[in-house]
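Novice: Quick one: the structure is below, questions incoming.
The values are calculated or read from the model by the stated rules, or taken from the named source; none is laboratory data. This one's a predicted model, so the numbers in the text were calculated from it and none came from an experiment. Using ideal geometry, Cβ is built from the backbone for each residue, glycine included, and neighbour counts are taken over all protein chains shown. Accessible surface is based on the protein model in full, side chains and every heavy atom, while ligands, DNA and RNA are left aside. Shrake-Rupley method; radii C 1.70, N 1.55, O 1.52, S 1.80 Å.
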Amino acid sequence: LLADVSHELRTPLSILGGKLEAMLDDVIQPTPDLVASMHDEVLLLSRLVQDLQTLSVAEAGRLEMHFSQTDLTELSSRVVSSFKNMADSRNILLQLQIDKDIPTLFADPDRISQILRNLLSNAIRYVTSGGKVVVKISSSDGNVVFEVSDNGPGIPNDEIPNIFERFYRLEHSRSRATGGSGLGLAIAKQLVEAHKGKIWVESEVGKGSRFCFTIPIKS
């Protein structure tokens, strides 16, 4: 883990250090665009630290949870709406499908939202322009079933067993360039398991991926 963390920190710190050194040596001037790019690197570091903290607490079984009866229609609509601008900017069709008889779920609404955000962020990041991402929520066998599917490039079979490992990336440079910390799926797995649920992925190269997780229905 320490080796992984040091590797992830090295790139944004090197970029920041290089730009600051050039500014101190009067090689470059602190223009608004330069300051904005440095701010982006700081935000990347902040997200990485926050994600690391969440993951370490979850793996230690000390994650603070606040369970309540949760309206999934309202929750999922809010989460999906927050990604509309991101999807529109990339010409991606984003859809939400919810069963009419979906029950309320005894869960931590903030953590369920976090799981969906992590899965949606990944899906939109990897789908090309003109693609499609669908969020579907249904119930089956005493569980609520969440699905986030896309028609992106898909995941090779030999990569699937590693997909929920921390810092694992299918495309290292691409994920880092778009702001991914490499921890989103690992965090999602821990949050699902904190709800006594299960998470998995089904994928076929060239046809897309479907990330699913289930949460038991409790009263």
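Novice: Please count how many residues of region 85-130 are hydroxyl-bearing (Ser, Thr, Tyr) and farther than 18 Å from Val148 by Cα.
Specialist: Counting residues in region 85-130 that are hydroxyl-bearing (Ser, Thr, Tyr) and farther than 18 Å from Val148 by Cα gives 2.
Novice: Another question about this same structure. Return the residues of region 27-38 that are in a helix (DSSP H, G or I) and surrounded by 11 or more Cβ atoms within 10 Å (Cβ to Cβ); say none if nothing qualifies.
Specialist: Once the filter is applied, which keeps residues that are in a helix (DSSP H, G or I) and surrounded by 11 or more Cβ atoms within 10 Å (Cβ to Cβ), region 27-38 yields Leu34, Val35, Ser37, Met38.
Novice: Among the residues in region 70-77, are any touching a residue at least 24 places away in the same chain (Cβ under 8 Å), in a loop (DSSP other than H, G, I, E, B) and not small (Gly, Ala, Ser)?
Specialist: Yes, region 70-77 contains at least one residue that is touching a residue at least 24 places away in the same chain (Cβ under 8 Å), in a loop (DSSP other than H, G, I, E, B) and not small (Gly, Ala, Ser).
Novice: Any idea which of Ala107, Ala123 is within 28 Å of Gln50 (Cα to Cα), under 16 Å from the mean Cα position of the chain (by Cα), at pLDDT 90 or above and not charged (D, E, K, R)?
Specialist: Result of the check over Ala107, Ala123: Ala123.
Yes or no, residue by residue, for (1) surrounded by fewer than 22 Cβ atoms within 10 Å (Cβ to Cβ); (2) out of contact with any strand residue (DSSP E or B) (no Cβ under 9 Å at 6 or more places or on another chain); (3) more than 17 Å from His195 (Cβ to Cβ); (4) at pLDDT below 90:
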| site | (1), (2), (3), (4) |
| --- | --- |
| Asp101 | yes, no, yes, yes |
| Val127 | no, no, yes, no |
| Val135 | no, no, yes, no |
| Ser139 | yes, no, no, no |
| Val145 | yes, no, no, no |
| Asp158 | yes, yes, yes, yes |
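Novice: Out of region 105-156, which residues are over 12 Å from Ser209 (Cβ atoms), of a type in the set (S, T, N, Q) and part of a helix (DSSP H, G or I)?
Specialist: Listed by number, the residues that qualify are Ser113, Gln114, Asn118, Ser121.
Novice: Let me ask something else about it. Residues Leu48, Leu55, Leu44: which one is assigned to a helix (DSSP H, G or I), under 18 Å from Ile115 (Cβ atoms) and open to solvent by less than 70 Å² (accessible area, probe 1.4 Å)?
Specialist: Leu55
Rundown of residues vs (1) more than 28 Å from Val134 (Cα to Cα); (2) charged (D, E, K, R); (3) out of contact with any Phe, Trp or Tyr (no Cβ under 8 Å at 6 or more places or on another chain), yes/no style:
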{"residue": "Thr11", "(1), (2), (3)": "yes, no, yes"}
{"residue": "Ile15", "(1), (2), (3)": "yes, no, yes"}
{"residue": "Asp26", "(1), (2), (3)": "yes, yes, yes"}
{"residue": "Gln29", "(1), (2), (3)": "yes, no, yes"}
{"residue": "Val35", "(1), (2), (3)": "yes, no, yes"}
{"residue": "Leu48", "(1), (2), (3)": "no, no, yes"}
